[in-house]
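Report on one structure; see the data block that follows.
The values are calculated or read from the model by the stated rules, or taken from the named source; none is laboratory data. Quantities reported herein were computed from a predicted structural model and do not represent experimental measurements. Please note: Cβ atoms are built from the backbone with ideal geometry, for glycine as well, and neighbour counts cover all protein chains shown. Protein only, heavy atoms only, side chains kept; ligands, DNA and RNA dropped before computing areas. Shrake-Rupley method; radii C 1.70, N 1.55, O 1.52, S 1.80 Å.
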Amino acid sequence: MAALVAIGRVNPVLAAGNYIPELTKSSFGDNFHWGVATSAYQIEGASDVDGKGESVWDRFTSRGHIKDKSDGKIANDFYYRYESDLKLLKELNFKNFRFSLSWPRILPEGTGTINEKGVDYYNRMIDECLRLGIEPWAVLYHWDLPQKLEEKGGWTNREVVDWFAEYADLCTRRFGDRVKHWMVLNEPAGFTTLGYLSGTHAPQRTGIGKYLAAVHHACLCQAEGGRIIRRNVEKSHIGTTFSCSHTEPYKPIGSHQRAAKRLDVVLNRLFIEPTLGMGYPIQDLPFLKKIEKHMLPGDEQKLPFEFDFIGLQNYFRVIAKPSLIPVIWANRVKPDSTAEITEMGWEVDPEGMYDILKQFSKYPVKEIIITENGAAFPDRLVDGRVHDPQRINFYKRYLQQILKAKQEGVNVQGYFAWTFIDNFEWAEGYRPRFGLVYNDFDTQERIVKDSGYWFRDFLK
Ligand code: GBH
(Lines give C-alpha, C1' and ligand atoms only; values in the text may rest on other atoms or scores of the structure.)
Protein backbone atom coordinates (compact mmCIF):
# COMPACT_ATOMS: atom_id res chain seq x y z
CA MET A 1 0.00 0.00 0.00
CA ALA A 2 2.95 2.32 0.64
CA ALA A 3 3.72 2.34 -3.07
CA LEU A 4 0.23 3.48 -3.87
CA VAL A 5 0.39 6.29 -1.37
CA ALA A 6 3.79 7.32 -2.71
CA ILE A 7 2.36 7.95 -6.15
CA GLY A 8 -0.43 10.03 -4.76
CA ARG A 9 -3.43 7.73 -4.74
CA VAL A 10 -6.33 9.68 -3.37
CA ASN A 11 -8.59 7.08 -1.92
CA PRO A 12 -11.20 8.09 0.59
CA VAL A 13 -11.86 4.42 1.25
CA LEU A 14 -8.36 3.85 2.54
CA ALA A 15 -8.56 7.04 4.51
CA ALA A 16 -11.79 5.86 6.08
CA GLY A 17 -10.15 2.72 7.41
CA ASN A 18 -10.44 0.48 4.38
CA TYR A 19 -13.41 -1.65 5.31
CA ILE A 20 -13.30 -4.96 3.44
CA PRO A 21 -16.38 -7.18 3.47
CA GLU A 22 -16.22 -10.87 4.16
CA LEU A 23 -16.31 -12.87 0.96
CA THR A 24 -19.08 -15.42 0.63
CA LYS A 25 -21.08 -16.42 -2.39
CA SER A 26 -24.39 -15.74 -0.67
CA SER A 27 -23.50 -12.13 0.07
CA PHE A 28 -23.69 -11.47 -3.68
CA GLY A 29 -27.30 -12.66 -3.71
CA ASP A 30 -29.03 -15.69 -5.20
CA ASN A 31 -29.54 -14.21 -8.65
CA PHE A 32 -25.95 -13.14 -9.16
CA HIS A 33 -24.51 -14.54 -12.42
CA TRP A 34 -21.19 -16.34 -11.89
CA GLY A 35 -19.37 -17.28 -15.04
CA VAL A 36 -16.21 -17.45 -17.09
CA ALA A 37 -15.47 -15.47 -20.23
CA THR A 38 -13.74 -16.65 -23.41
CA SER A 39 -13.52 -15.56 -27.03
CA ALA A 40 -13.65 -17.42 -30.33
CA TYR A 41 -10.25 -16.66 -31.80
CA GLN A 42 -8.51 -17.21 -28.49
CA ILE A 43 -9.82 -20.75 -27.89
CA GLU A 44 -11.54 -22.35 -30.89
CA GLY A 45 -8.68 -23.15 -33.24
CA ALA A 46 -10.06 -24.86 -36.38
CA SER A 47 -9.20 -21.61 -38.08
CA ASP A 48 -9.51 -22.88 -41.63
CA VAL A 49 -11.75 -25.91 -41.47
CA ASP A 50 -15.41 -26.54 -42.27
CA GLY A 51 -15.65 -23.49 -44.47
CA LYS A 52 -14.51 -20.85 -42.03
CA GLY A 53 -13.27 -17.68 -43.70
CA GLU A 54 -10.07 -15.85 -42.86
CA SER A 55 -10.16 -13.25 -40.09
CA VAL A 56 -7.90 -10.26 -39.55
CA TRP A 57 -6.24 -12.25 -36.79
CA ASP A 58 -5.47 -15.17 -39.11
CA ARG A 59 -3.81 -12.68 -41.42
CA PHE A 60 -2.04 -10.70 -38.70
CA THR A 61 -0.57 -13.81 -37.03
CA SER A 62 0.60 -15.22 -40.38
CA ARG A 63 2.80 -12.15 -40.73
CA GLY A 64 4.79 -13.05 -37.61
CA HIS A 65 3.51 -10.20 -35.45
CA ILE A 66 3.03 -12.30 -32.32
CA LYS A 67 5.69 -12.32 -29.59
CA ASP A 68 6.21 -16.06 -29.67
CA LYS A 69 5.45 -16.25 -33.43
CA SER A 70 2.34 -18.27 -32.68
CA ASP A 71 -1.18 -18.08 -34.08
CA GLY A 72 -4.71 -19.26 -33.35
CA LYS A 73 -4.76 -22.17 -35.80
CA ILE A 74 -5.22 -24.69 -32.99
CA ALA A 75 -5.36 -22.61 -29.81
CA ASN A 76 -7.30 -24.72 -27.26
CA ASP A 77 -8.88 -26.83 -29.98
CA PHE A 78 -12.17 -25.90 -28.31
CA TYR A 79 -14.01 -26.34 -31.61
CA TYR A 80 -13.50 -30.08 -31.17
CA ARG A 81 -13.28 -30.27 -27.38
CA TYR A 82 -16.22 -28.15 -26.25
CA GLU A 83 -18.08 -31.10 -24.75
CA SER A 84 -15.38 -32.08 -22.27
CA ASP A 85 -14.55 -28.43 -21.60
CA LEU A 86 -18.14 -27.51 -20.78
CA LYS A 87 -18.34 -30.55 -18.55
CA LEU A 88 -15.27 -29.30 -16.73
CA LEU A 89 -16.81 -25.84 -16.43
CA LYS A 90 -19.81 -27.39 -14.78
CA GLU A 91 -17.59 -29.35 -12.40
CA LEU A 92 -16.09 -26.04 -11.30
CA ASN A 93 -19.64 -24.92 -10.42
CA PHE A 94 -19.89 -22.09 -12.94
CA LYS A 95 -23.41 -21.69 -14.31
CA ASN A 96 -22.67 -19.14 -17.04
CA PHE A 97 -20.45 -19.38 -20.09
CA ARG A 98 -19.48 -16.32 -22.08
CA PHE A 99 -18.19 -17.01 -25.57
CA SER A 100 -18.03 -15.06 -28.80
CA LEU A 101 -19.34 -15.95 -32.23
CA SER A 102 -16.76 -15.90 -34.96
CA TRP A 103 -18.07 -13.70 -37.76
CA PRO A 104 -15.91 -15.33 -40.48
CA ARG A 105 -16.93 -18.81 -39.31
CA ILE A 106 -20.57 -17.88 -39.88
CA LEU A 107 -20.16 -15.54 -42.86
CA PRO A 108 -16.80 -16.41 -44.46
CA GLU A 109 -16.90 -13.34 -46.72
CA GLY A 110 -18.33 -11.14 -44.00
CA THR A 111 -21.67 -10.85 -45.79
CA GLY A 112 -23.66 -13.00 -48.19
CA THR A 113 -23.09 -16.74 -48.20
CA ILE A 114 -23.80 -18.45 -44.91
CA ASN A 115 -21.45 -21.21 -43.75
CA GLU A 116 -23.95 -23.71 -42.37
CA LYS A 117 -21.20 -25.84 -40.85
CA GLY A 118 -20.14 -22.89 -38.75
CA VAL A 119 -23.73 -22.26 -37.67
CA ASP A 120 -24.00 -25.97 -36.81
CA TYR A 121 -20.97 -25.83 -34.58
CA TYR A 122 -22.51 -23.01 -32.53
CA ASN A 123 -25.82 -24.82 -32.42
CA ARG A 124 -24.17 -27.92 -31.01
CA MET A 125 -22.11 -25.96 -28.53
CA ILE A 126 -25.10 -23.93 -27.34
CA ASP A 127 -27.23 -27.06 -27.03
CA GLU A 128 -24.52 -28.71 -24.98
CA CYS A 129 -24.49 -25.73 -22.60
CA LEU A 130 -28.24 -25.99 -22.14
CA ARG A 131 -28.09 -29.75 -21.67
CA LEU A 132 -25.61 -29.22 -18.83
CA GLY A 133 -27.63 -26.42 -17.27
CA ILE A 134 -25.10 -23.76 -18.26
CA GLU A 135 -26.46 -20.41 -19.48
CA PRO A 136 -24.88 -19.30 -22.76
CA TRP A 137 -23.85 -15.62 -22.98
CA ALA A 138 -22.97 -14.74 -26.57
CA VAL A 139 -20.82 -11.84 -27.74
CA LEU A 140 -21.34 -10.90 -31.37
CA TYR A 141 -17.93 -9.41 -31.93
CA HIS A 142 -14.68 -10.15 -30.13
CA TRP A 143 -12.12 -8.75 -32.55
CA ASP A 144 -11.99 -11.36 -35.35
CA LEU A 145 -13.27 -9.31 -38.28
CA PRO A 146 -13.55 -11.18 -41.58
CA GLN A 147 -10.42 -10.37 -43.61
CA LYS A 148 -12.61 -9.80 -46.67
CA LEU A 149 -14.25 -6.88 -44.88
CA GLU A 150 -10.93 -5.49 -43.73
CA GLU A 151 -9.93 -5.40 -47.38
CA LYS A 152 -12.86 -3.07 -47.95
CA GLY A 153 -11.72 -0.80 -45.13
CA GLY A 154 -12.93 -2.78 -42.10
CA TRP A 155 -14.03 -0.64 -39.20
CA THR A 156 -12.94 2.52 -41.01
CA ASN A 157 -15.57 1.99 -43.73
CA ARG A 158 -19.03 3.19 -42.78
CA GLU A 159 -20.53 0.24 -44.61
CA VAL A 160 -19.42 -1.85 -41.64
CA VAL A 161 -22.69 -0.78 -40.03
CA ASP A 162 -24.66 -2.61 -42.74
CA TRP A 163 -22.30 -5.59 -42.74
CA PHE A 164 -22.60 -5.85 -38.99
CA ALA A 165 -26.39 -5.50 -39.09
CA GLU A 166 -26.63 -8.41 -41.53
CA TYR A 167 -24.39 -10.55 -39.31
CA ALA A 168 -26.21 -9.60 -36.10
CA ASP A 169 -29.57 -10.30 -37.69
CA LEU A 170 -28.44 -13.74 -38.81
CA CYS A 171 -26.94 -14.70 -35.43
CA THR A 172 -29.94 -13.59 -33.43
CA ARG A 173 -32.34 -15.42 -35.76
CA ARG A 174 -30.34 -18.63 -35.63
CA PHE A 175 -29.41 -18.70 -31.95
CA GLY A 176 -31.88 -16.35 -30.27
CA ASP A 177 -34.39 -19.08 -29.51
CA ARG A 178 -31.90 -20.52 -27.01
CA VAL A 179 -29.44 -17.73 -26.23
CA LYS A 180 -31.05 -14.99 -24.15
CA HIS A 181 -27.99 -13.14 -22.87
CA TRP A 182 -26.31 -11.14 -25.61
CA MET A 183 -23.44 -8.70 -25.81
CA VAL A 184 -22.83 -6.64 -28.92
CA LEU A 185 -19.14 -5.72 -28.84
CA ASN A 186 -16.16 -6.70 -26.77
CA GLU A 187 -14.22 -3.63 -25.69
CA PRO A 188 -14.58 -1.22 -28.60
CA ALA A 189 -11.81 0.86 -26.99
CA GLY A 190 -9.59 -2.19 -27.35
CA PHE A 191 -10.03 -2.99 -31.02
CA THR A 192 -10.14 0.62 -32.19
CA THR A 193 -7.10 1.76 -30.19
CA LEU A 194 -4.95 -1.31 -30.64
CA GLY A 195 -6.02 -2.10 -34.20
CA TYR A 196 -6.30 1.37 -35.75
CA LEU A 197 -4.12 3.63 -33.58
CA SER A 198 -1.23 1.89 -31.81
CA GLY A 199 -1.15 -0.99 -34.28
CA THR A 200 -0.21 -3.62 -31.72
CA HIS A 201 -3.24 -5.66 -32.79
CA ALA A 202 -4.81 -6.63 -36.12
CA PRO A 203 -5.37 -5.14 -38.60
CA GLN A 204 -2.56 -2.69 -37.81
CA ARG A 205 -3.75 0.00 -40.14
CA THR A 206 -3.12 3.11 -38.12
CA GLY A 207 -3.72 6.82 -38.12
CA ILE A 208 -5.82 9.30 -36.18
CA GLY A 209 -8.39 9.57 -38.98
CA LYS A 210 -8.75 5.79 -39.19
CA TYR A 211 -9.04 5.53 -35.43
CA LEU A 212 -11.80 8.15 -35.19
CA ALA A 213 -13.70 6.60 -38.09
CA ALA A 214 -13.46 3.19 -36.41
CA VAL A 215 -14.65 4.67 -33.10
CA HIS A 216 -17.73 6.24 -34.66
CA HIS A 217 -18.64 3.17 -36.67
CA ALA A 218 -18.18 0.95 -33.61
CA CYS A 219 -20.54 3.21 -31.67
CA LEU A 220 -23.13 3.01 -34.45
CA CYS A 221 -22.82 -0.80 -34.53
CA GLN A 222 -23.06 -0.97 -30.77
CA ALA A 223 -26.49 0.66 -30.77
CA GLU A 224 -27.71 -0.95 -33.99
CA GLY A 225 -26.67 -4.38 -32.68
CA GLY A 226 -28.72 -3.75 -29.54
CA ARG A 227 -31.79 -2.85 -31.61
CA ILE A 228 -31.42 -5.97 -33.75
CA ILE A 229 -31.17 -8.26 -30.73
CA ARG A 230 -34.25 -6.62 -29.19
CA ARG A 231 -36.20 -7.07 -32.41
CA ASN A 232 -35.23 -10.71 -32.99
CA VAL A 233 -34.85 -12.28 -29.56
CA GLU A 234 -37.76 -12.80 -27.21
CA LYS A 235 -37.06 -12.25 -23.50
CA SER A 236 -33.57 -11.05 -24.28
CA HIS A 237 -31.06 -9.64 -21.81
CA ILE A 238 -28.93 -7.25 -23.85
CA GLY A 239 -25.59 -5.74 -23.03
CA THR A 240 -22.30 -4.69 -24.49
CA THR A 241 -18.88 -4.54 -22.88
CA PHE A 242 -16.51 -1.72 -22.06
CA SER A 243 -12.93 -1.83 -20.87
CA CYS A 244 -12.35 0.58 -18.03
CA SER A 245 -9.51 1.73 -15.81
CA HIS A 246 -9.70 4.02 -12.85
CA THR A 247 -7.54 6.97 -13.90
CA GLU A 248 -5.45 9.04 -11.50
CA PRO A 249 -3.00 11.91 -11.81
CA TYR A 250 0.65 11.12 -11.10
CA LYS A 251 0.96 14.28 -9.03
CA PRO A 252 -1.85 16.25 -7.41
CA ILE A 253 -1.29 19.26 -9.63
CA GLY A 254 -3.39 20.81 -12.36
CA SER A 255 -1.47 19.64 -15.42
CA HIS A 256 -1.47 16.04 -14.19
CA GLN A 257 -5.12 16.19 -13.21
CA ARG A 258 -6.00 17.46 -16.67
CA ALA A 259 -3.96 14.65 -18.23
CA ALA A 260 -5.84 12.11 -16.11
CA LYS A 261 -9.13 13.63 -17.21
CA ARG A 262 -8.19 13.34 -20.89
CA LEU A 263 -7.17 9.74 -20.45
CA ASP A 264 -10.41 9.06 -18.60
CA VAL A 265 -12.25 10.29 -21.70
CA VAL A 266 -10.62 7.83 -24.10
CA LEU A 267 -10.41 4.90 -21.69
CA ASN A 268 -13.75 5.13 -19.90
CA ARG A 269 -16.19 7.58 -21.43
CA LEU A 270 -15.85 7.55 -25.20
CA PHE A 271 -18.03 4.52 -25.91
CA ILE A 272 -20.62 4.61 -23.17
CA GLU A 273 -21.66 8.26 -23.35
CA PRO A 274 -22.98 8.22 -26.93
CA THR A 275 -24.96 5.10 -26.03
CA LEU A 276 -26.59 6.97 -23.18
CA GLY A 277 -27.56 9.82 -25.48
CA MET A 278 -24.88 12.13 -24.11
CA GLY A 279 -22.96 12.39 -27.38
CA TYR A 280 -19.19 12.14 -27.60
CA PRO A 281 -17.29 13.73 -24.68
CA ILE A 282 -15.76 16.35 -26.96
CA GLN A 283 -15.82 19.09 -24.35
CA ASP A 284 -13.30 17.29 -22.20
CA LEU A 285 -11.06 16.30 -25.12
CA PRO A 286 -11.48 18.89 -27.88
CA PHE A 287 -9.38 16.88 -30.29
CA LEU A 288 -12.34 14.48 -30.53
CA LYS A 289 -14.20 17.14 -32.47
CA LYS A 290 -12.61 15.61 -35.54
CA ILE A 291 -14.95 12.66 -35.13
CA GLU A 292 -17.74 14.88 -36.50
CA LYS A 293 -16.10 14.57 -39.89
CA HIS A 294 -17.26 10.96 -39.90
CA MET A 295 -20.82 11.72 -38.82
CA LEU A 296 -23.79 11.99 -41.15
CA PRO A 297 -27.01 13.87 -40.47
CA GLY A 298 -29.18 11.75 -38.19
CA ASP A 299 -26.28 9.85 -36.62
CA GLU A 300 -26.79 11.47 -33.24
CA GLN A 301 -30.21 9.83 -33.04
CA LYS A 302 -28.73 6.47 -34.01
CA LEU A 303 -26.08 6.37 -31.28
CA PRO A 304 -28.25 5.79 -28.21
CA PHE A 305 -29.60 2.40 -27.18
CA GLU A 306 -31.05 1.40 -23.84
CA PHE A 307 -29.05 -1.65 -22.81
CA ASP A 308 -30.37 -3.98 -20.13
CA PHE A 309 -26.88 -4.20 -18.72
CA ILE A 310 -23.45 -2.87 -19.39
CA GLY A 311 -20.48 -5.19 -19.12
CA LEU A 312 -17.43 -3.73 -17.43
CA GLN A 313 -14.00 -5.26 -17.86
CA ASN A 314 -11.43 -4.06 -15.41
CA TYR A 315 -7.89 -5.22 -14.87
CA PHE A 316 -5.75 -2.28 -13.71
CA ARG A 317 -5.79 1.42 -12.94
CA VAL A 318 -3.97 4.01 -15.01
CA ILE A 319 -1.77 6.83 -13.73
CA ALA A 320 -1.46 9.83 -16.00
CA LYS A 321 0.93 12.69 -16.53
CA PRO A 322 1.04 15.23 -19.33
CA SER A 323 2.67 14.48 -22.64
CA LEU A 324 4.80 16.97 -24.54
CA ILE A 325 3.53 15.65 -27.86
CA PRO A 326 0.27 17.48 -28.64
CA VAL A 327 -1.56 14.61 -30.38
CA ILE A 328 -1.02 12.32 -27.40
CA TRP A 329 -3.63 13.08 -24.78
CA ALA A 330 -1.48 11.93 -21.83
CA ASN A 331 1.38 9.68 -20.83
CA ARG A 332 0.89 6.67 -18.65
CA VAL A 333 3.20 6.22 -15.69
CA LYS A 334 4.50 2.67 -15.32
CA PRO A 335 3.91 1.11 -11.90
CA ASP A 336 7.04 1.55 -9.79
CA SER A 337 9.26 -1.29 -8.59
CA THR A 338 7.36 -1.75 -5.35
CA ALA A 339 4.02 -2.27 -7.08
CA GLU A 340 2.50 -5.72 -7.38
CA ILE A 341 2.34 -6.51 -11.08
CA THR A 342 1.06 -9.39 -13.18
CA GLU A 343 2.81 -11.12 -16.07
CA MET A 344 1.22 -8.55 -18.41
CA GLY A 345 2.97 -5.78 -16.49
CA TRP A 346 -0.41 -4.65 -15.17
CA GLU A 347 -0.66 -3.37 -11.63
CA VAL A 348 -2.78 -5.37 -9.22
CA ASP A 349 -5.15 -2.74 -7.88
CA PRO A 350 -8.37 -4.11 -6.38
CA GLU A 351 -9.42 -0.68 -5.08
CA GLY A 352 -9.39 0.54 -8.68
CA MET A 353 -12.23 -1.91 -9.34
CA TYR A 354 -14.24 -0.31 -6.55
CA ASP A 355 -13.45 3.18 -7.84
CA ILE A 356 -14.45 2.38 -11.40
CA LEU A 357 -17.70 0.76 -10.27
CA LYS A 358 -18.53 3.88 -8.32
CA GLN A 359 -17.70 6.00 -11.36
CA PHE A 360 -19.90 4.01 -13.76
CA SER A 361 -22.75 3.77 -11.27
CA LYS A 362 -23.22 7.53 -11.70
CA TYR A 363 -24.47 6.86 -15.22
CA PRO A 364 -28.13 5.96 -15.65
CA VAL A 365 -27.48 2.29 -16.44
CA LYS A 366 -29.91 -0.43 -15.41
CA GLU A 367 -27.45 -3.08 -14.35
CA ILE A 368 -23.69 -3.64 -14.35
CA ILE A 369 -22.07 -6.99 -14.94
CA ILE A 370 -18.35 -7.52 -14.61
CA THR A 371 -17.86 -9.34 -17.89
CA GLU A 372 -14.08 -9.79 -17.48
CA ASN A 373 -11.54 -9.62 -14.69
CA GLY A 374 -8.53 -11.80 -14.04
CA ALA A 375 -4.77 -12.02 -14.09
CA ALA A 376 -1.79 -13.72 -15.72
CA PHE A 377 0.93 -15.08 -13.49
CA PRO A 378 3.91 -17.29 -14.35
CA ASP A 379 2.23 -20.63 -13.66
CA ARG A 380 4.19 -23.84 -13.55
CA LEU A 381 2.91 -27.35 -13.80
CA VAL A 382 4.61 -29.38 -11.07
CA ASP A 383 3.67 -33.00 -10.39
CA GLY A 384 0.33 -32.58 -12.08
CA ARG A 385 -0.69 -29.49 -10.10
CA VAL A 386 -0.56 -25.76 -10.65
CA HIS A 387 -0.25 -23.80 -7.45
CA ASP A 388 -1.26 -20.22 -8.15
CA PRO A 389 -1.80 -18.50 -4.81
CA GLN A 390 -1.26 -15.08 -6.41
CA ARG A 391 -4.25 -15.58 -8.69
CA ILE A 392 -6.47 -16.77 -5.83
CA ASN A 393 -5.41 -13.73 -3.90
CA PHE A 394 -6.12 -11.52 -6.90
CA TYR A 395 -9.64 -12.87 -7.32
CA LYS A 396 -10.44 -12.64 -3.62
CA ARG A 397 -9.36 -9.04 -3.37
CA TYR A 398 -11.10 -7.89 -6.55
CA LEU A 399 -14.28 -9.72 -5.56
CA GLN A 400 -14.21 -8.09 -2.14
CA GLN A 401 -14.11 -4.66 -3.75
CA ILE A 402 -17.01 -5.58 -6.04
CA LEU A 403 -18.99 -6.79 -3.07
CA LYS A 404 -18.20 -3.64 -1.19
CA ALA A 405 -19.46 -1.50 -4.08
CA LYS A 406 -22.54 -3.70 -4.32
CA GLN A 407 -23.24 -3.32 -0.61
CA GLU A 408 -23.02 0.42 -1.08
CA GLY A 409 -25.76 0.26 -3.67
CA VAL A 410 -23.97 -0.24 -7.00
CA ASN A 411 -26.18 -2.57 -9.02
CA VAL A 412 -23.63 -5.26 -9.97
CA GLN A 413 -25.40 -8.46 -10.95
CA GLY A 414 -22.73 -10.75 -12.29
CA TYR A 415 -19.07 -11.63 -12.51
CA PHE A 416 -17.18 -13.41 -15.28
CA ALA A 417 -13.61 -14.48 -14.64
CA TRP A 418 -11.14 -14.00 -17.47
CA THR A 419 -10.58 -16.74 -18.28
CA PHE A 420 -11.57 -20.38 -18.24
CA ILE A 421 -8.49 -21.96 -19.85
CA ASP A 422 -5.05 -20.52 -20.70
CA ASN A 423 -5.44 -19.41 -24.29
CA PHE A 424 -4.09 -17.34 -27.17
CA GLU A 425 -3.40 -13.97 -25.56
CA TRP A 426 -3.42 -11.92 -28.77
CA ALA A 427 -0.14 -10.14 -29.56
CA GLU A 428 1.50 -11.85 -26.57
CA GLY A 429 0.90 -15.37 -27.86
CA TYR A 430 0.55 -18.28 -25.45
CA ARG A 431 2.78 -17.01 -22.70
CA PRO A 432 0.68 -14.92 -20.35
CA ARG A 433 -1.60 -17.54 -18.85
CA PHE A 434 -4.91 -16.15 -17.59
CA GLY A 435 -6.78 -19.41 -17.06
CA LEU A 436 -8.38 -21.03 -14.04
CA VAL A 437 -7.44 -24.16 -15.93
CA TYR A 438 -3.92 -24.76 -17.18
CA ASN A 439 -3.52 -25.84 -20.79
CA ASP A 440 -0.68 -28.05 -21.95
CA PHE A 441 -0.44 -26.83 -25.54
CA ASP A 442 1.51 -29.92 -26.66
CA THR A 443 -1.12 -32.40 -25.54
CA GLN A 444 -4.19 -30.17 -25.05
CA GLU A 445 -4.49 -31.62 -21.57
CA ARG A 446 -6.47 -29.42 -19.16
CA ILE A 447 -5.23 -29.21 -15.59
CA VAL A 448 -7.34 -27.33 -13.08
CA LYS A 449 -5.22 -24.76 -11.24
CA ASP A 450 -5.61 -24.18 -7.52
CA SER A 451 -7.55 -21.02 -8.43
CA GLY A 452 -10.01 -23.17 -10.39
CA TYR A 453 -10.52 -25.35 -7.33
CA TRP A 454 -10.86 -22.23 -5.23
CA PHE A 455 -13.76 -21.06 -7.40
CA ARG A 456 -15.31 -24.53 -7.36
CA ASP A 457 -15.40 -24.48 -3.56
CA PHE A 458 -16.43 -20.84 -3.35
CA LEU A 459 -19.35 -21.42 -5.72
CA LYS A 460 -20.52 -24.65 -4.13
C1 GBH B 1 -9.32 -8.16 -22.57
O2 GBH B 1 -8.71 -6.98 -22.91
C3 GBH B 1 -9.80 -8.87 -23.80
O4 GBH B 1 -11.19 -8.71 -23.95
C5 GBH B 1 -9.44 -10.32 -23.80
O6 GBH B 1 -9.64 -10.86 -25.06
C7 GBH B 1 -8.02 -10.48 -23.31
O8 GBH B 1 -7.52 -11.78 -23.46
C9 GBH B 1 -7.98 -10.09 -21.87
O10 GBH B 1 -8.48 -8.80 -21.70
C11 GBH B 1 -6.59 -10.15 -21.24
O12 GBH B 1 -5.71 -9.30 -21.87
O13 GBH B 1 -5.42 0.64 -23.08
O14 GBH B 1 -5.68 2.45 -24.62
O15 GBH B 1 -4.83 0.34 -25.35
C16 GBH B 1 -8.19 -6.28 -21.77
C17 GBH B 1 -7.11 -5.39 -22.16
C18 GBH B 1 -7.57 -3.12 -21.62
C19 GBH B 1 -6.90 -3.74 -23.83
C20 GBH B 1 -8.06 -1.83 -22.13
C21 GBH B 1 -7.42 -2.46 -24.36
C22 GBH B 1 -8.02 -0.20 -23.78
C23 GBH B 1 -7.36 0.48 -24.88
N24 GBH B 1 -7.64 -4.13 -22.66
N25 GBH B 1 -7.38 -1.43 -23.32
S26 GBH B 1 -5.73 1.02 -24.46
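Quick one: in region 241-272, of everything that is polar (S, T, N, Q) and away from the ligand (no atom under 14 Å from the Cβ), which residue is least open to solvent (accessible area, probe 1.4 Å)? The qualifying residue least open to solvent (accessible area, probe 1.4 Å) is Ser255. Just one residue in the set Asp379, Asp336 is touching a strand residue (DSSP E or B) at 6+ places or on another chain (Cβ under 8 Å), of a type in the set (Asp, Glu) and part of a loop (DSSP other than H, G, I, E, B); that residue is Asp379. May I ask you to list the residues in region 97-111 that are open to solvent by 10 Å² or more (accessible area, probe 1.4 Å) and not acidic (Asp, Glu)? Of everything in region 97-111, those that are open to solvent by 10 Å² or more (accessible area, probe 1.4 Å) and not acidic (Asp, Glu) turn out to be Pro108, Thr111. Tell me yes or no: at least one residue of region 427-448 is buried (at least 22 other Cβ atoms within 10 Å of the Cβ), part of a helix (DSSP H, G or I) and in contact (Cβ under 8 Å) with a residue 24 or more places away in the chain. The answer is no; no qualifying residue exists.
Yes/no matrix, rows are residues, columns are (1) open to solvent by 10 Å² or more (accessible area, probe 1.4 Å); (2) more than 28 Å from Phe434 (Cα to Cα); (3) modelled with pLDDT under 95:
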{"site": "Tyr82", "(1), (2), (3)": "yes, no, no"}
{"site": "Leu86", "(1), (2), (3)": "no, no, no"}
{"site": "Leu89", "(1), (2), (3)": "no, no, no"}
{"site": "Asn93", "(1), (2), (3)": "yes, no, no"}
{"site": "Ile114", "(1), (2), (3)": "yes, yes, no"}
{"site": "Arg124", "(1), (2), (3)": "yes, no, no"}
{"site": "Ile134", "(1), (2), (3)": "no, no, no"}
{"site": "Arg173", "(1), (2), (3)": "yes, yes, no"}
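All conditions but one from (1) assigned to a helix (DSSP H, G or I); (2) loosely packed, with under 15 Cβ neighbours inside 10 Å apply to Asp30; the one that does not is (1). Here Thr193 clears all of (1) outside any loop (DSSP other than H, G, I, E, B); (2) over 17 Å from Leu288 (Cβ atoms); (3) not aliphatic (A, V, I, L, M) except the condition numbered (2). Can you tell me which residue in region 181-218 is least open to solvent (accessible area, probe 1.4 Å), limited to those that are more than 30 Å from Phe32 (Cα to Cα) and of a type in the set (S, T, N, Q)? Within region 181-218, the match that is least open to solvent (accessible area, probe 1.4 Å) is Thr192. Would you confirm whether or not region 288-299 contains a residue that is open to solvent by less than 10 Å² (accessible area, probe 1.4 Å), more than 14 Å from the ligand (Cβ to nearest atom) and farther than 25 Å from Ser198 by Cβ? Taking every residue of region 288-299 in turn, at least one turns out to be open to solvent by less than 10 Å² (accessible area, probe 1.4 Å), more than 14 Å from the ligand (Cβ to nearest atom) and farther than 25 Å from Ser198 by Cβ.
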